[in-house]
Amino acid sequence: MAETILQGIPVSTGISVGRAFFLNRGHIHNMPRQTIPVEELDKEVSRLEQAFQRALEELERIQTRVPSELMEHARIIDSHIMMLQDPKLLESTKDYIRRMQLNAEWALEKSVEDIESVFRTLEDAYIRERIQDVRVVAGRVQQHLWGGTNSGIKSIHSRVILLAHDLSPADIVELEVGKIMAFATVTGGKTSHSGILARALQIPAIVGVAELEDFIQDGQLIIIDGLQGRIYVEPDEEELSEFTDLKYQFEDYQARIIRSSHLPAETIDGYQVKVFANIELLEEISSVLGNGGEGIGLYRTEYSYLNRINMPDEEQLLDEYRDLASMIHPGKMVIRTLDVGADKFISHFGPLDEANPALGLRAIRFCLHHQDLFRVQLRAILRASVHENISLMFPMISGLGELLRVKAFMGSVQAELKKQGLKYNPKMPVGIMIELPSAMLTADILAGEVDFFSIGTNDLIQYSLGIDRTNSHVSYLYQPLHPALVRMIKYVVDAGHRAGIEVSLCGEMAADPYCIPVLMGMQVDCLSMNPQAIPVTKHIIRQASMEDCKDLLKQVLASRTVSRNNKLVKDSIFRQHPHELMFYSSLLDEGY
Amino acid sequence: MESLDVVTRRVCVANELGLHARPAARLAREAQRFTSKITLCSQEQEVDAKSILDILTLALGPGCNVEIRAQGEDAQVALEQLEQLFLNRFEEVQ
């Protein structure tokens, strides 16, 4: 057994075995506190000033050689430079040296703590977190105070696993990619910059490892398991050979699925399903195409509305939608109208005072309430629809009455455009999201009024099972394969097909390796997911047979419990992919 | 220099994300070019406009009003230059 096994959040998959290398920054716990004799205070102050100066020169050097693809991450370096030049930081540190006769290292730590206590009181979470930048900057100065760069990134001579409290954008720019096999940090979450970078570099990474600095020493042999988010410190022979094997298998697997991700998602018995992507930003298109996405099944349009004072105008939106449509062409793209409220607010309107936002004025209800806003977006989508690969979709439809009201409103917008002589595609496919139990049970009625359904499983699960998955007290009840859910989804697919319209499924369930065969068995027409999940999904579909999927669905429909369903799908995937099971992550409960 | 008057100007934060790290850096850098004492005032808090850390602690969100105060020989020019920054939204790409 390894000396210690540490758990963190995996942000980039893969396995790596190598020597630990600590980027030793900003941590004073091994720095002695010293009292400086009065006659040496001037010398201590000038030592501090020199360290600031060197850190500044270093950052300015780094700034001049930022590779263009990292520009976005590197802009923050400018703020770091200003922090180094900040009168407050330097002056208050000098003050600590003179007043309390502290050594420079401790004085700097003291003034950072002072700044930290001010920041901690701030309400704005984004600005409050900038204290991390102050820490990073102070860490760079500390490193110069210790008189060496021997723990800096540049001193790495062989291939290592990089460990750090935090990786700043400047660190990232300095990284010589070839020398870093993997990395792990104490701070960070699923969405931190370092994770994005690791995925781009295709190296394993784990963040949020709280005890990283306590249990690992420089030079120790460690294993980074980016699949499970574990770090094995000083592994034994058995673990070493196990993970070396796993590493080769995983790399082989990755290469295989990416290679085949451009082939159609067709089962061995010839049944094809579309695999599309859910995206929010224009920039994600390259990832969609690179991963073999055949179109956009869900374009979330909220981004242009959030965090800004002025609402986007028709021309801006039109440009945005047109650009996207031509980039994904000949693939199709489905634009979902504004889905705000609940957890996303438009600052222009501010959060509403609602006891239950998830059951409140959100999505289509919000749009029907703010018709001016809705009109602008509809006009832009309609005008963009002269690109014939565009479809339109309304979120959160609760029943026929509401749908007819929305369609009537759209009709008035179309009439308006016609009167002004502006072109649009009158045949643009119009669909709705099925994410409320009421819409699901009236799917047969709704089907006559639309061109397609898209089942939004994330919300459908929450509204049907009555749980908020972000609430840790009840999140165990988030059960995609609850018999009720399986029946609901089946009902919607059948109702759609009876009316001759397509049914797609967007939501995390669409990309869950264990759920895919069941959904296939229902003959869902299209699965839409985040772009990174596409290769695995296609791989699973290409190995499956429709006959088996239908058989599995039959068993699942006959089952009475979630645990039985979870076992059924797990056994089925195990039979199909016995050696790849460990590469799949699933929404389904761990315990099955 | 102490006898010079304080000149002030009210500006509004028009950046989409408010005065976050990058615009704050821009503002502090610009302010440091002047010899005048320059402060920012918002909701009864007055901070040093030459300090990025001070600026950040004002936590100015989009739409916030803030007063620039300058005192010194180049106070007038400073006000105008800094006001321009606010008007140009700190040259952030929209």
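The values are calculated or read from the model by the stated rules, or taken from the named source; none is laboratory data. Keep in mind it's a predicted model, so treat the numbers as computed, not measured. Positions of Cβ are generated from backbone atoms using ideal geometry, with glycine treated the same way; all protein chains shown enter the neighbour counts. These area figures cover heavy atoms from the full protein model, side chains too; ligands, DNA and RNA do not enter into them. Shrake-Rupley method; radii C 1.70, N 1.55, O 1.52, S 1.80 Å.
Protection proxy ranking for B:53-61, A:562-570, using the average of other Cβ atoms within 10 Å per residue and placing the highest first: B:53-61, A:562-570.
With N as its number of residues, the range A:350-400 has a Cα radius of gyration that, divided by 2.2 N^0.38 Å, comes to 1.38.
The solvent-accessible area of A:Ser117, taken with every protein chain present and a 1.4 Å probe, is close to 60 Å². A 1.4 Å probe over all protein chains sorts A:Arg140, A:Arg383, B:Arg89, A:Arg575 by accessible area into A:Arg575, B:Arg89, A:Arg383, A:Arg140, starting with the largest.
Which GluC sites (Glu not before Pro) does the range B:39-94 hold that lie in a coil by DSSP with at most 15 other beta carbons within 10 Å?
Those satisfying the criteria are B:Glu44, B:Glu73, B:Glu92.
A probe of 1.4 angstrom, applied to the heavy atoms of all protein chains, finds A:Arg47 with accessible area near 80 square angstrom. Sorted largest first by accessible area at a 1.4 angstrom probe radius, with every protein chain in place, the residues A:His80, A:His165, A:His329 fall in the order A:His329, A:His165, A:His80. Annotation: amide H of A:Ala182 within the under-5 Å range of A:Leu162, sequence separation 5 or more or interchain, hydrogens built in the peptide plane. Evaluated at q = 0.14, 0.16 Å⁻¹, a Debye calculation over the C-alpha positions of the range A:263-583 (equal weights, vacuum) places log10 I(q)/I(0) at -1.13, -1.44. On a per residue basis, the convex hull of the C-alpha atoms belonging to the range B:18-60 measures out at 51 Å³.
The trypsin sites (Lys or Arg not before Pro) of the range A:468-557 that meet both conditions, a loop assignment by DSSP and at most 16 other Cβ atoms within 10 Å of the site Cβ, are A:Arg469.
Counting only alpha carbon atoms, the long axis of helix A:562-576 and the longest principal axis of chain A meet at about 80°. Rounded to the nearest 20 debye, the dipole size of the protein assembly as shown about its Cα centre is 1800 debye, using +1 on the Cβ of Lys and Arg and -1 on the Cβ of Asp and Glu.
Using the 1.4 Å probe convention, the accessible area of chain A works out to 45 Å² per residue with neighbouring protein chains retained. Averaging Cα coordinates gives a centre for the range A:361-420 and one for the range B:37-94; these two points are 42 Å apart.
Rg/Rh for the range A:233-347 stands at 1.17; both radii use Cα atoms, and Rh follows the Kirkwood definition. Averaged over the residues of A:83-93, the number of partner chain Cβ atoms lying within 10 Å of the residue Cβ comes to 4. Taking every DSSP bridge with both residues inside chain A, close to 35 percent are antiparallel. Take each residue of peptide B:60-73, count the partner chain Cβ atoms within 10 Å of its Cβ, and average: the result is 1. Within the protein assembly as shown, the proportion of Cα pairs with more than 33 Å between them is 58 percent. Helical content alone sets the calculated 222 nm signal of chain A at -14000 deg cm²/dmol, taking -39,500 (n - 2.57) per DSSP H segment of four or more residues and averaging over every residue. Counting every Cα pair in the range A:519-592, what percent are over 19 Å apart? Everything past 19 Å amounts to 38 percent. Each 10 Å bin from 0 upward holds the following percent of the Cα-Cα pairs of the range A:439-592: 11, 41, 37, 10, 0. Ordered from largest to smallest accessible area (heavy atoms of protein chains, 1.4 Å probe), the residues A:Tyr303, A:Tyr232, A:Tyr463 come out as A:Tyr303, A:Tyr463, A:Tyr232. With the biggest extent put first, the Cα atoms of the range B:6-91 measure 33, 27, 20 Å across the principal axes. Spatial offset of the range A:200-258 relative to the range A:485-532 amounts to 35 Å, using the alpha carbon center of each. Only helices enter this figure: runs of n ≥ 4 DSSP H residues, each worth -39500 (n - 2.57), summed and divided by the residues of chain B, yield -9500 deg cm²/dmol at 222 nm to the nearest 500.
Chains A and B together bury roughly 2100 Å² of accessible area, counting both sides, with a 1.4 Å probe on protein heavy atoms only. What is the helix-to-structure angle for B:75-87, meaning the angle in degrees between its Cα long axis and the longest Cα principal axis of chain B, kept from 0 to 90 and rounded to the nearest 10? Computed tilt is about 10 degrees.
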